[in-house]
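Colleague: Take this structure, written in structure tokens, and hold onto it; I'll ask about it next.
The values are calculated or read from the model by the stated rules, or taken from the named source; none is laboratory data. What you see is a predicted model; the values in this text were computed from it and never measured. Please note that ligands, DNA and RNA were not included when accessible areas were found on the heavy atoms of the full protein model with its side chains. Shrake-Rupley method; radii C 1.70, N 1.55, O 1.52, S 1.80 Å.
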Amino acid sequence: MNSKQIFEIALGLEKPWFIKEIIMTKADGTNQSQIDIYIDFERGFKFAGGKTHDTVERSWQHLNFFQHRCFLHAR
């Protein structure tokens, strides 16, 4: 199991959603370490309202993972 799969399970993601990228920034002594998780959905997936054409990326802070601040990014 790789780190993307572990975070998908931890976040409860199911198809069509998946983790596209994880970036971890280590603390430099002045700030806390941070995990940025980029979530995406399968291309061409039809949501209940129909096909998605335009999306805007949004970000929000999630609960910390251990001592690391965590931010989710999704369109």
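Colleague: 222 nm [θ] for the chain, helices only, -39500 (n - 2.57) per DSSP H run of 4+, per residue, to 500?
Modeller: Calculated from helices alone, the mean residue ellipticity at 222 nm is -3500 deg cm²/dmol.
Colleague: Any chance you could list P(r) for the chain, counting all Cα-Cα pairs in 10 angstrom bins from zero, rounded to whole %?
Modeller: All Cα pairs considered, the percentages come to 16, 47, 26, 9, 2.
Colleague: Here's something else I'd like to know. Give the accessible surface of the chain per residue, rounded to a whole number of Å², with probe radius 1.4 Å and ligands, DNA and RNA excluded.
Modeller: For the chain, the per-residue accessible area is 77 Å².
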